Amino acid sequence: MNRLRAIYDFLLDTLFPPLCISCRAQLSREKSFSGVLCFDCFSSLEINAGFFRIAAHGKGNPLILGAALNYQSETARNLIHSFKYEGYYSLSKPFANLIMRHLRLSGLWNFVKKEKFVLVPVPLHRSRLKYRGYNQSEILAKDIRILSGLEICDVLVRKKKTKEQAEIKDKNDRLKNVRGCFVLRGKEVVAGKNFMIVDDVFTSGATIMEAARILYKNGAKKVIAVTVAKA
């Protein structure tokens, strides 16, 4: 069986050679990162050594954000786009690994572990989930759980269908777009607990800050966020 598998992989790579999803260089199964990224592109990713303090919108609570990469990096942008829109699920594991390395490097991990934070993936509206077929934030949260041992709580529901934030350029319009889009599955699971919101990228912060607002409104003790990258 192993020999047949090796023959199959050889024929597949010969007829349809895998390419790095960032630079499009040809990959070999032995010399690639997670089968989708060449070592040169992976080595170009610089992990942020510190975390970010995000000012509140209006009268909301400020937010501590852990972001593993800089979204200005072309490689990071290409990887996140492939993960979010092109079905490259296998990127979730290396992304989770990068996030954990960032949490430890920035010093956030000791705080997260001590305060027993619970992972909360940013939900998609059911229509967008049906169209896309998966929620990248949920997949990422599950892989972070495997590496960290933290629990996941799918406490947020996206009740309102909104435009894609990427289609909206004005910051205030982004805030209006997501205002009131989340509700809770149950208030009793939130009160007095600490939550770490998980998403793929932090740009204007409107979505994550709205999720944090709902959690705080319903009694959350502390809310922070973690993403693969920050713009």
Open item on the list: Quick check on the range 145-169: of everything there that is small (Gly, Ala, Ser) and exposed (fewer than 13 other Cβ atoms within 10 Å of the Cβ), which residue is nearest to the chain's Cα centre (by Cα)?
Closed with: ALA166
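For VAL198, indicate whether it is at pLDDT 95 or above and aliphatic (A, V, I, L, M).
For VAL198, the condition - at pLDDT 95 or above and aliphatic (A, V, I, L, M) - is met.
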Task: Those residues of the range 61-104 which are out of contact with any Cys (no Cβ under 8 Å at 6 or more places or on another chain) and among the β-branched types (Val, Ile, Thr), in sequence order - done: ILE64, ILE80, ILE99
Open item on the list: Cβ-Cβ distance below 8 Å, separation of 6 or more or different chains: which pairs start in the range 184-207 with a residue that is free of Cβ contacts under 8 Å to residues at least 40 places away in the same chain and assigned to a helix (DSSP H, G or I) and end on one that is surrounded by fewer than 20 Cβ atoms within 10 Å (Cβ to Cβ) and not small (Gly, Ala, Ser)?
Closed with: LYS187/ASN218; VAL189/CYS153
- [ ] Look at SER28 and say whether it is surrounded by fewer than 19 Cβ atoms within 10 Å (Cβ to Cβ), of a type in the set (S, T, N, Q), touching a Leu at 6+ places or on another chain (Cβ under 7 Å) and over 24 Å from LYS171 (Cα atoms).
- [x] no
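Considering LEU65, LEU69, LEU91, LEU105, which residue is modelled with pLDDT of 95 or more and in contact with a helix residue (DSSP H, G or I) (Cβ under 6 Å, 6 or more places away or on another chain)? Show your work before the answer.
Working: LEU65 fails: in contact with a helix residue (DSSP H, G or I) (Cβ under 6 Å, 6 or more places away or on another chain); LEU91 fails: modelled with pLDDT of 95 or more; LEU105 fails: in contact with a helix residue (DSSP H, G or I) (Cβ under 6 Å, 6 or more places away or on another chain).
Step by step, each of LEU65, LEU69, LEU91, LEU105 is checked, and only LEU69 is modelled with pLDDT of 95 or more and in contact with a helix residue (DSSP H, G or I) (Cβ under 6 Å, 6 or more places away or on another chain).
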TODO: Tell me, yes or no, whether the range 213-230 has at least one residue that is among the aromatic types (Phe, Trp, Tyr) and in contact with a Lys or Arg (Cβ under 8 Å, 6 or more places away or on another chain).
DONE: no
Open item on the list: With the requirement that a residue be part of a loop (DSSP other than H, G, I, E, B), surrounded by 13 or more Cβ atoms within 10 Å (Cβ to Cβ) and in contact with a Lys or Arg (Cβ under 7 Å, 6 or more places away or on another chain), what does the range 170-183 give you?
Closed with: CYS181
TODO: Could you tell me which numbered condition GLU151 fails, if it satisfies all but one of (1) of a type in the set (Asp, Glu); (2) in contact with a strand residue (DSSP E or B) (Cβ under 8 Å, 6 or more places away or on another chain); (3) closer than 20 Å to LYS84 by Cα?
DONE: (3)
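The values are calculated or read from the model by the stated rules, or taken from the named source; none is laboratory data. All values derive from a computational prediction rather than experimental measurement. Neighbour counts run over all protein chains shown; Cβ positions are idealised from the backbone, glycine included.
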